[in-house]
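Readers should treat all values here as calculations from the given coordinates under stated rules, not as data from a laboratory. Note that the structure is a prediction, hence the values are computed from the model and not measured. All Cβ positions, even for glycine, are placed from backbone atoms using ideal geometry, and neighbour counts span all protein chains on display.
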There are 4 protein chains.
Amino acid sequence: MNSMNAAVVHSFTDDLVVEELPIPAPGPFEALVKVQFSGVCHTDLHAAHGDWPVKPTLPFVPGHEGVGTVVEIGDQVTRLAVGDTVGNAWLWSACGECEYCQTGWETLCPDQVNGGYSVNGSFGTHMLVDSRYAPIIPEHVDLSAVGPILCAGVTVYKGLKVTDTQPGQWVLISGIGGLGHIAVQYAVAMGRRVVAIDVDDSKLELAEQHGAEVTVNAATVDNPAAEILERTGGGVHGALVTAVNAHAFPQAVASLRRGGTVSLVGLPPEEFPLDIFTTVLFGLTIRGSIVGTRKDMAEALDFYVRGLIHPTYTVRTLPEINDIFTEMGKGDINGRVVLDLN
Amino acid sequence: MNSMNAAVVHSFTDDLVVEELPIPAPGPFEALVKVQFSGVCHTDLHAAHGDWPVKPTLPFVPGHEGVGTVVEIGDQVTRLAVGDTVGNAWLWSACGECEYCQTGWETLCPDQVNGGYSVNGSFGTHMLVDSRYAPIIPEHVDLSAVGPILCAGVTVYKGLKVTDTQPGQWVLISGIGGLGHIAVQYAVAMGRRVVAIDVDDSKLELAEQHGAEVTVNAATVDNPAAEILERTGGGVHGALVTAVNAHAFPQAVASLRRGGTVSLVGLPPEEFPLDIFTTVLFGLTIRGSIVGTRKDMAEALDFYVRGLIHPTYTVRTLPEINDIFTEMGKGDINGRVVLDLN
Amino acid sequence: MNSMNAAVVHSFTDDLVVEELPIPAPGPFEALVKVQFSGVCHTDLHAAHGDWPVKPTLPFVPGHEGVGTVVEIGDQVTRLAVGDTVGNAWLWSACGECEYCQTGWETLCPDQVNGGYSVNGSFGTHMLVDSRYAPIIPEHVDLSAVGPILCAGVTVYKGLKVTDTQPGQWVLISGIGGLGHIAVQYAVAMGRRVVAIDVDDSKLELAEQHGAEVTVNAATVDNPAAEILERTGGGVHGALVTAVNAHAFPQAVASLRRGGTVSLVGLPPEEFPLDIFTTVLFGLTIRGSIVGTRKDMAEALDFYVRGLIHPTYTVRTLPEINDIFTEMGKGDINGRVVLDLN
Amino acid sequence: MNSMNAAVVHSFTDDLVVEELPIPAPGPFEALVKVQFSGVCHTDLHAAHGDWPVKPTLPFVPGHEGVGTVVEIGDQVTRLAVGDTVGNAWLWSACGECEYCQTGWETLCPDQVNGGYSVNGSFGTHMLVDSRYAPIIPEHVDLSAVGPILCAGVTVYKGLKVTDTQPGQWVLISGIGGLGHIAVQYAVAMGRRVVAIDVDDSKLELAEQHGAEVTVNAATVDNPAAEILERTGGGVHGALVTAVNAHAFPQAVASLRRGGTVSLVGLPPEEFPLDIFTTVLFGLTIRGSIVGTRKDMAEALDFYVRGLIHPTYTVRTLPEINDIFTEMGKGDINGRVVLDLN
């Protein structure tokens, strides 16, 4: 009764261990959640491998796409009640008082706490959330599918917003994997015209089914950027790079219409060369974007609840977590993975 | 009477030749201008050396910072009259009908004509201008000083605008040379708080005289970006990179406050490495900006006319043009150079 | 061969006269167009009645929603060729050089020429257009239906843009007549969620068919604004007022979410009372919007060409023009009216 | 020791009573402040007279421009410490969780608490503040002068921001009283060119001393708007209406350049007629603005600390409060009034 199961990272080089942990008690503003499902994100691999500049403190439980039911609340909690359905998120909490929190940019808060990274996450039967930041899941939603919205969904939704494009304009979605296939759907729901680029024809077919008007296979087309410039009458107004390979970034920049914006949401631990001459002469903008605020999350969920977003995902179980990580590392998974923790 | 003197580029490897040319007759929308002064810009060197991807057609007369008096107009000209004082500019004309011209972004027009590059420029006693695009010089202005506004001034003014900063926020001016020392003045006039960075103390002193509150010598400070982060309470909100050396770009990016914007206005024919991780995690924006529109020009001139901008410049004569180019190439010139063509 | 038929306004109080006129010769930048269809707009009534502060010069031919084929061009024309399909528009031409024309706001040009008002319009078998401003009609378009896009379409499209709303947010369309029923369709295509308000249930049904999620009959609901606040969870983010009755404006303001924007596109020659207390305390914005630029027009046409906009219209003939005006004045016409001039 | 002095409103029709009250104990997130100075604002009169739609609960202590020293903190307070110098403000606290609080618009929070209105204010020797919202006063500031920044200052600063003007553009400040004379100074510090309008020449002289380039006496000039249009070459780009008389609003609208914005910050309990025809045809924007967020406050204080803002004010004492209110009601006070509570 007082213990839970969770997948724990004890070392950045070994497998995760699925083990029993004591169920944590919620702090004053926290809530304890009985997790039902949790999405698995590429960021969880980076966390488990400790390959980003700032590493998580060992041991820890990854996962920032969990959803479940509130079973206990701290004594200062007013926003949630026992029985509510909530999620955790990468932006687990923020300070609420810095210049970023005060101006609608809590995603840039230097004191933010990240779910499954600087605080235990959703790869377990129970998790804590900060009641002030936990996404509230609307009623009548299929909980097995909502996890991918909590990270992949909000990330591409916000990334599309900051391309500064308008309905009717072209956006390029670069990479139609776990993030990109959701991005196509948000872009269409946002009234944009979509170009999809990938190296896999089956993914481009998926993009077409979700409404992409132009698809380009970067592996078989001689000059993908030139192809895009031609088929969009001068280039895309915005681009969202979800792909992490070295070609994707300069390809997206070269596909832009003059005055266009590339938005980057992937986190490869690398540098990319930026051609200054073209950037200046064509008035281009390159912009990074990281997940989304609580408001972005509520909006991203609203699109989902209205039936406009259908993530492709596979349901797996907690004991498979190491296999899942291996497959994700190899790029062998289509769409997203969701753990069933019921 | 029918001939003029001009400095002509006959080859990308030889010196310019100051020679007599026939005075050209203005086309229907053009005006003939008796040039009094012309600024010399680093772009003129690139033109004369043919070191950009698209080269000028030989032979040609460089120069896009000229000012003088209209002496003859074409038969369709309505905006100018004989006796008016006008300038030429890098944006010598644009098509007026493309999506960029229609939306206030004529600087991105694919069919633009560039002064002293794709049409003869102001390094001569006479020049043609397009009456629809030539900057009109307000009355009672010292014509020897206005040339630098026509290119350096409008370029940094527009570059500052697209940093998306607000009065009271910090902007970094990187490089206090011919462009940068004018940028400091525009930034101050625009209500921004200025950080200046250079490797030359005398230039930093000049920046201070023009109102920079923080100056950093990148050659003598261990970690210039760290210094800037500390002295601005978290980093600059925007940065304008006028320097063209390889360190300046990543240094400016590293000096940004989260959510900040770097604006690039120099045109080094190179690539710079962009750190994706920081760009994404800190929500940074990198943006190219090229000269300015007619409206930007009128605004930049207005700041100048109101006595808020004082370019540092040296007056020289046309026969010295090859010496001037040599000195500019070595970085031996402080501020701007203006040719006296009277 | 040298004469055309047109409906001419000879007096602001008498009927229009359908009569023979000489076919005009195009000026240097003009094109002569054989008109096939022309929409009839409420503005044409204001023109014919001379009830706006600045009146047209008599006699004149109204009409600014014409489409047809170029049959002759002036000697300076480069953008059009004989055989092209083009339209005329309210923004028949602008000066190209003022601060508004230079910044993408040609709709505010003080020297603009207005089709069917300060220059003869499209209520005839032939019309002149300015080749630099005439909307180019894409191929494979049903010409009988495109007229309403040229004024009603672009007007509501631009009006929706300046509500500063985002996809997923609520917009109120006030009045589901000739403008409003098209506005519902643009709003949906732009990803907005639509509330429609009118006093006629059949019009609200039409709005629902076009995708409005919430409809309110202002004649039968006690407090329409309160109803809207409740059903949208706090009010609409933006509102477009196409209705011209005295209640519509304060009703739209009262339906706004805090921070929301009302966009006005109708031109009733009246004042409306604005409640300052609410405007200030709730941070509201009230904004006027007039037709759209050439770029807005191209965008509005693009939505239409992609099959997203289906105006309701009735085809009539030129001799019926006085009857049509009478019916429009009484509000007896559903949707738009299009004259067949073939 | 346990009692304080304060001016208390017991009835909306009687004078305030200066009396002894028990010193309140701070709640978990609150701090107790020994007040040194408090500005007096016109809003305090509205509060004391109960003449706004939602009235304060009697009895209460007005005042929302207080500054003083923290002498005790609640057990959840982390942002403040005993000895800190802080202020109270109209935006005494907000919910922190609604869509407005999440997006940098806490001034629109429906659950906000207002200082000296829905919670006791600064017209006393002690006051409570919410530690999460209280403005932190920078060091080395003259505390007798800072009060006016906390309401008048931040209000006009934010109001100027939402005019959407740029440095170098014209803004009209309508009314050079307690708000307006500070607005002139912020506008100049923000790089705007200022037109001042009032009916009192001495106030216009003050505006000139603070940098206004154009001044217009609305009482002596025939057509003030025409005068402004002419002297600014076409009208102001933005206007801030601080005046509350019936002429000021339409006058400001009529003084706008096409595409311009009027920002309203006063709260007269009235309606003003808005001319729809001009609003639409000239693309005008009318926008309400209420005080400012914590971030706006920090920025407004920063301008003040840098020596750019010098409010005119008179120092008075608490027992004079009823006289002060009488004088303010008659418009007999120049600048602002500050109570010395030491």
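Okay, here's what the table says:
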quantity	calculated
Spatial separation of Cα centroids for region C:134-212 and region C:12-80, in angstrom	25 Å
Placed amide H near B:V119: partners under 5 Å, 5+ positions off or other chain	B:N114
Under-5 Å amide H pairs with A:E72, H placed in peptide plane, nonlocal only	A:L32
Per-bin percent of Cα-Cα distances, the protein assembly as shown [10 Å]	2, 8, 15, 20, 22, 18, 11, 4, 1, 0, 0
Per residue Cα convex hull volume in Å³ - calculated over region A:291-342	114 Å³
Calculated from backbone phi, Karplus (6.51, -1.76, 1.60) coupling profile of region D:138-148 in Hz, x at Gly/Pro	x, 5, 6, 10, 6, 5, 5, 9, 7, x, x
For region A:65-186, diffusion coefficient by Stokes-Einstein and Kirkwood Rh (Cα), 25 °C, 0.890 mPa s, µm²/s	154 µm²/s
Farthest positive-ward along chain B dipole, Cα basis, beta-carbon charges - from B:F123, B:L229, B:T69	B:L229
Given charges at beta-carbon only (K, R positive; D, E negative), |dipole| of chain A in Debye	920 debye
Residue order, fewest to most beta carbons within 10 Å, for A:H210, C:H247	C:H247, A:H210
Equivalent-ellipsoid semi-axes of region D:15-100, from the Cα gyration tensor, Å, largest first	24, 18, 13
Prolate/oblate/rounded label for region D:103-168 (Cα gyration tensor, a/c 1.5)	oblate
FRET efficiency estimate (nearest 0.05) - Cβ-Cβ, C:S118 to C:K34, R0 30 angstrom	0.85
Per-residue Cβ neighbour rank within 10 angstrom, fewest leading, A:R79, D:R287	A:R79, D:R287
Rounded to the nearest 20 debye, dipole of region A:116-253 from Cβ charges on Lys, Arg, Asp, Glu	480 debye
For A:94-100, mean number of other protein chain Cβ atoms within 10 Å	5
Value of D in µm² per second that Stokes-Einstein yields for region C:163-288, Kirkwood Rh from Cα pairs, at 20 °C (1.002 mPa s)	153 µm²/s
Förster-model FRET efficiency, 22 Å R0, D:A81 and D:L308, C-beta, rounded to 0.05	0.15
Per-residue mean of C-beta atoms belonging to partner chains within 10 Å, peptide A:285-296	6
Contact order relative to length of chain A, as percent, for alpha carbon pairs under 8 angstrom and 6 or more apart	19 percent
Residues B:M4, A:M297, C:M127, sorted so that the one with the fewest Cβ neighbours within 10 Å comes first	B:M4, A:M297, C:M127
Given charges at beta-carbon only (K, R positive; D, E negative), |dipole| of the protein assembly as shown in Debye	0 debye
Length released on extending from A:N217 to A:K330, taking residue separation times 0.36 nm less the Cα-Cα span	38.7 nm
Built amide H within the under 5 Å cut-off of C:G191, gap 5+	none
Shielding by partners, peptide C:162-170 (average Cβ within 10 angstrom, other chains)	4
Length gained when the stretch A:D15-A:E270 is fully extended (0.36 nm per residue, less Cα-Cα span)	89.3 nm
Whole-angstrom Cα spans of chain D along principal axes, big to small	63, 41, 38
Within region D:163-288, percent of DSSP bridges classed antiparallel, to nearest 5	0 percent
Global form of region A:226-342, assessed from the alpha-carbon gyration tensor, a/c cut-off 1.5	prolate
